[in-house]
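Single-structure report; data block below.
The values are calculated or read from the model by the stated rules, or taken from the named source; none is laboratory data. Just so we're clear, the structure is a prediction, and the values are computed from it rather than from any experiment. Heads up, the Cβs are rebuilt from the backbone with ideal geometry, glycines too, and the neighbour counts pull from every protein chain shown.
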Amino acid sequence: MLGSTHGTFTTDLRARVVACGEEPTGVVHGVTAAPGDQDVSGRPLHAPVPDLDRFFRPGSVAVVGASDTEGRPNTGITRQLLAWAERVGARLVPVHPTRTSVFGIDCVPSVAALTEPVDLAVLLVADPLPVIEELADTKVRFAVAFASGFAETGEAGAAAQERLAAAVRRSGLRLLGPNTNLNAFERFRDDLEGPAVALITQSGHQGRPVFTLQELGVRLSHWAPTGNEADLETSDFISYFAGLPEVGAIACYVEGLKDGRSFLLAADRAARQGVPVVAVKVGRTETGARTAASHTGKLTGADQVVDAAMRQYGVIRVDGLDQLQDTATLLARARRPQADGVVVYSISGGTGAHFADLATAAGLELPTLPQAKQDELHQWIPEYLSVSNPVDNGGHPVGDWRGRKIIDAILADPSVGVLICPITGPFPPMSDKLAQDLVDAAEATDKLVCVVWGSPVGTEEAYRTTLLGSSRVATFRTFGNCIGAVKAYLDHHRFTIGYRSPFDEAPRTPSPSFRKAQALVRPGRRLSEHAAKQLLRAYGIRVPREQLVTSAAAAVRAAGLVGYPVVMKASGAQLAHKTELGLVKVGLTSASQVRDAYRELTDIARYESIDLDGVLVCQMVGRGVEMVVGVTRDELFGPTVTVGLGGVLVEVLNDTAVRVPPFGEREARSMLAELRGRALLEGVRGAPPADIDALVEVVLRVQRMALELDGDLAELDINPLMVLPRGQGAVALDALAVCR
């Protein structure tokens, strides 16, 4: 029974879920279940990782439409491809129906005339479809289509792109594009060392700022400009880059995800490998509007789902390209943190206070340094200056031998994992000495040293040569970008340490609950409250004692069986929100009240022309915290699960968290931690703590329902779910379900 949540929750929950009919999967107490390729909803649990080695480092390249006629666009592209092929050691084969040579290299008239296997075909033609069909008979592994005029132009273009994609599928090759560019064939600096940033962009121009980080000493390994993604997509490149030893972080600019599950599987692969993924995803202002009868459908917008899905799998979402640059660079270069504590070190009390305010508001931990450490720092810093954190040195110590002593002493504290020194403006020669001391200290420690160089000029020697010349110091230009990157760095490593892939334990076979629920489904219809509650009961979710009656006399008998006081509610498939129509009566304590309530409810329904399947006589459940738990379908990710504060003000409060199945208990609890009103569950103003374990269990059971009934269930809304005091469980007082 759901109220029986005692002892160790994980063990207790698994026992009760199995009793409900589920079959445990994955690794449970050392027993490994047989692996499957799909979860119970029919979605893949494993994504093939494309071998893109020969795309980025081909042995031979065919350029279809190659030209050396000056003034022609294809000539410039051919020239760039020639230079790139030489750098990567590839043989270039021009393909042209009328030319005998291009840039002195012998041409072949068509791809069908290629006499040797080619790794990559670059298509410089307006219509790539005929060439793709010709390539189907060759052994070309990859192709790039630059042509535009496809899905980006409207319905006709989308149809043309689908024809192209179908031809690619038949051919067996992999295609980049269409509507892409030459970014994959740029000149990458090979004189830079250390972990690299791999770049994925759907817009070539939007990736340019990240690419130019090389001029600041940041190594880039690859650039994948995915364009319209008729075949190869962002997810393919994330999966591939996550397995490369030289890649320290993956930076993405995403305009639209092609397939939600593919993206999650790619992000999961990166999380397993510990490779951070940083992404700009446009579309935050999309309303995600949809026709929805349930509260949940109205509360969950499309971008909220994208945001939640990214957080589930550790993808760090940022807003600006400058944040993308700074965050990806830091995560690629920095070693694993030794502690979460951040110390702010400055030459100005005002600067330190300002930075500390912003850092604390962002959620960074600024520990007070121990008194012994403060006494040590006061050997070199005047006593009247605060060194508790932030550390204010007053300025003068940075100009002599004391500066390095202070930095080393701070870094030696075991609670300190990050040292941040904001320098709001240059003040040579002391700022030169400070920059050098910070670089020298960073080279001698595994801890993260960050500098914010606030000068708008950016030409100073201390910045251009000293700071940017070191890969061990993370240098920023703004407070906000530094704080955001450090927060992402600490969060990422916390995430990866405890990460367990939800795909490993995703349900693969339907449970007995599924078979019971299928009998209740009515395709294309909304279920009555009574039928929706039967659906919940099939999945072991507790509902009140209740009976459905069709006469006043039967209502009186039912009340005696249920036990006074009772609640009476009209029940019908048309009824989404009964309270507004006066179709709920609470706290009835006698037979006469029950008879009167029955007549009143049926009279209102008749007046409002509402068809009823009867009147529910329900057990009156004690007070608790009213929550909402629901399911909606997202066009990209499929079923999603939402939890939030419920009751009649659910849409006013709009305090919800959403996740994409599959997920486990840890993620369900993190959903509750996101709620602004989570303190209500912990007990406020004398109220007892709520049964959070029971609430988590309901969320997990609803998730199972969402997966198993994905083809049948469009929406589910449990509101309110009354979460009773600790140890007493949770009861679904009302429910709405809409079938697909």
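Are any residues in segment 714-729 hydrophobic (A, V, I, L, M, F, W, C), at pLDDT 95 or above and more than 16 Å from Val650 (Cβ to Cβ), and if so, which ones?
Leu724
Ala302 versus (1) buried (at least 16 other Cβ atoms within 10 Å of the Cβ); (2) closer than 15 Å to Gly484 by Cα: which is the lone unmet condition?
If we test Ala302 against (1) buried (at least 16 other Cβ atoms within 10 Å of the Cβ); (2) closer than 15 Å to Gly484 by Cα, just (2) comes out false.
What tally of residues in segment 112-138 results from selecting those that are free of Cβ contacts under 8 Å to residues at least 24 places away in the same chain and assigned to a loop (DSSP other than H, G, I, E, B)? Outline the logic, then answer.
Quick first cut of segment 112-138, residues free of Cβ contacts under 8 Å to residues at least 24 places away in the same chain only: 113, 115, 126-127, 130.
Remaining after also requiring assigned to a loop (DSSP other than H, G, I, E, B): 115, 126-127.
Here the count works out to 3.
Please determine, by comparing only the residues of segment 406-432 that are crowded, with 16+ Cβ neighbours inside 10 Å and of a type in the set (D, E, K, R), which one is farthest from Gln338 (Cα to Cα).
Result: Asp432.
Could you give me the residue pairs with C-beta distances under 7 Å whose first residue belongs to segment 97-111 and is closer than 19 Å to Leu82 by Cβ and touching a residue at least 24 places away in the same chain (Cβ under 8 Å), whose second residue is hydroxyl-bearing (Ser, Thr, Tyr) and assigned to a loop (DSSP other than H, G, I, E, B) wherever it lies, and which are 6+ apart or on separate chains?
Going by the 7 Å Cβ cut-off, the qualifying pairs are Val102/Ser67; Cys107/Thr100; Val111/Thr138.
Give me the strands (runs of 3 or more DSSP E) completely within segment 640-740, filtered to those with at least 3 residues that are of a type in the set (S, T, N, Q), ordered by residue number. Don't jump to the end; show me each part of the working.
On the way: elements: 656-659, 713-723, 730-732, 735-739.
By residue number, no strands (runs of 3 or more DSSP E) qualify.
Being β-branched (Val, Ile, Thr), part of a loop (DSSP other than H, G, I, E, B) and within 18 Å of Leu707 (Cβ to Cβ), is that true of even one residue in segment 543-554?
For segment 543-554, residues β-branched (Val, Ile, Thr), part of a loop (DSSP other than H, G, I, E, B) and within 18 Å of Leu707 (Cβ to Cβ): absent.
Any residue that is closer than 30 Å to Gln312 by Cα, in contact with a Leu (Cβ under 6 Å, 6 or more places away or on another chain) and either assigned by TED's automatic domain parsing to the domain that holds Ala555 or modelled with pLDDT of 90 or more (or both) - is there at least one of those in segment 606-625?
If we filter segment 606-625 for residues that are closer than 30 Å to Gln312 by Cα, which is where we start, we get 624-625.
From what's left, in contact with a Leu (Cβ under 6 Å, 6 or more places away or on another chain): 624-625.
Pick out the ones that are also either assigned by TED's automatic domain parsing to the domain that holds Ala555 or modelled with pLDDT of 90 or more (or both) and you get 624-625.
So far as segment 606-625 goes, yes, one or more of its residues are closer than 30 Å to Gln312 by Cα, in contact with a Leu (Cβ under 6 Å, 6 or more places away or on another chain) and either assigned by TED's automatic domain parsing to the domain that holds Ala555 or modelled with pLDDT of 90 or more (or both).
Is one or more of the residues making up segment 409-430 out of contact with any strand residue (DSSP E or B) (no Cβ under 9 Å at 6 or more places or on another chain), of a type in the set (S, T, N, Q) and within 27 Å of Gln374 (Cα to Cα)?
The answer is no, given that none of the residues of segment 409-430 is out of contact with any strand residue (DSSP E or B) (no Cβ under 9 Å at 6 or more places or on another chain), of a type in the set (S, T, N, Q) and within 27 Å of Gln374 (Cα to Cα).
Answer yes or no as to whether Val457 is touching a helix residue (DSSP H, G or I) at 6+ places or on another chain (Cβ under 6 Å) and closer than 30 Å to Pro428 by Cβ.
no
Looking for whichever is within 29 Å of the chain's Cα centre (by Cα), small (Gly, Ala, Ser) and buried (at least 16 other Cβ atoms within 10 Å of the Cβ) here; the options are Ala158, Ala145, Ala165, Ala121. Which one fits?
On the way: Ala158 fails: buried (at least 16 other Cβ atoms within 10 Å of the Cβ); Ala145 fails: within 29 Å of the chain's Cα centre (by Cα); Ala121 fails: within 29 Å of the chain's Cα centre (by Cα).
Going through Ala158, Ala145, Ala165, Ala121 in turn, the sole match is Ala165.
Take Asp68 and tell me if it is in a loop (DSSP other than H, G, I, E, B), closer than 23 Å to Leu232 by Cα and of a type in the set (Asp, Glu).
no
Has segment 650-665 got any residue that is in contact with a helix residue (DSSP H, G or I) (Cβ under 7 Å, 6 or more places away or on another chain), surrounded by 22 or more Cβ atoms within 10 Å (Cβ to Cβ) and among the charged types (D, E, K, R)? Walk me through it before giving the result.
Pass one, segment 650-665, residues in contact with a helix residue (DSSP H, G or I) (Cβ under 7 Å, 6 or more places away or on another chain): 650-651, 654, 656-665.
Right, trim to surrounded by 22 or more Cβ atoms within 10 Å (Cβ to Cβ) and you get 650, 656-662.
The next check asks that each one be among the charged types (D, E, K, R); those that pass are 659.
Taking every residue of segment 650-665 in turn, at least one turns out to be in contact with a helix residue (DSSP H, G or I) (Cβ under 7 Å, 6 or more places away or on another chain), surrounded by 22 or more Cβ atoms within 10 Å (Cβ to Cβ) and among the charged types (D, E, K, R).
Here's the yes/no breakdown for (1) of a type in the set (A, V, I, L, M, F, W, C); (2) within 15 Å of Gly227 (Cβ to Cβ):
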residue	(1), (2)
Thr115	no, no
Leu120	yes, no
Leu124	yes, yes
Glu134	no, no
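Looking at (1) over 33 Å from the mean Cα position of the chain (by Cα); (2) farther than 29 Å from Gln214 by Cα; (3) among the charged types (D, E, K, R); (4) modelled with pLDDT of 95 or more, can you tell me which one Asp440 breaks?
So Asp440 meets the others, but not (2).
Take segment 544-583 and flag every residue that is crowded, with 19+ Cβ neighbours inside 10 Å and under 17 Å from Leu713 (Cβ atoms).
Ala573
Identify the single condition in (1) within 14 Å of Tyr313 (Cβ to Cβ); (2) surrounded by fewer than 20 Cβ atoms within 10 Å (Cβ to Cβ) that Ser239 does not satisfy, given that it satisfies every other one.
(2)
Filter segment 263-278 down to residues that are among the aliphatic types (A, V, I, L, M) and not in a helix (DSSP H, G or I) and give me whichever is surrounded by the fewest Cβ atoms within 10 Å (Cβ to Cβ). Before you say what the answer is, go through the steps one by one.
Step one: list which residues in segment 263-278 are among the aliphatic types (A, V, I, L, M), which gives 264-267, 270-271, 275, 277-278.
Filter again for not in a helix (DSSP H, G or I), leaving 275, 277-278.
Details: Val275: 24, Val277: 29, Val278: 27.
Among them, the one singled out is Val275.
Does Val387 count as surrounded by 22 or more Cβ atoms within 10 Å (Cβ to Cβ), more than 21 Å from Thr465 (Cβ to Cβ), in contact (Cβ under 8 Å) with a residue 24 or more places away in the chain and not small (Gly, Ala, Ser)? Lay out the reasoning, then the answer.
Details: surrounded by 22 or more Cβ atoms within 10 Å (Cβ to Cβ): yes; more than 21 Å from Thr465 (Cβ to Cβ): yes; in contact (Cβ under 8 Å) with a residue 24 or more places away in the chain: no; not small (Gly, Ala, Ser): yes.
So Val387 does not fit the description; no.
Here is a list of conditions, (1) modelled with pLDDT under 95; (2) touching a helix residue (DSSP H, G or I) at 6+ places or on another chain (Cβ under 8 Å); (3) within 21 Å of Pro661 (Cα to Cα), and Ile238 meets all of them except one; can you say which number that is?
(1)
Any residue at all in segment 514-528 that is within 30 Å of Gln593 (Cα to Cα), hydroxyl-bearing (Ser, Thr, Tyr), buried (at least 21 other Cβ atoms within 10 Å of the Cβ) and in contact (Cβ under 8 Å) with a residue 12 or more places away in the chain?
yes
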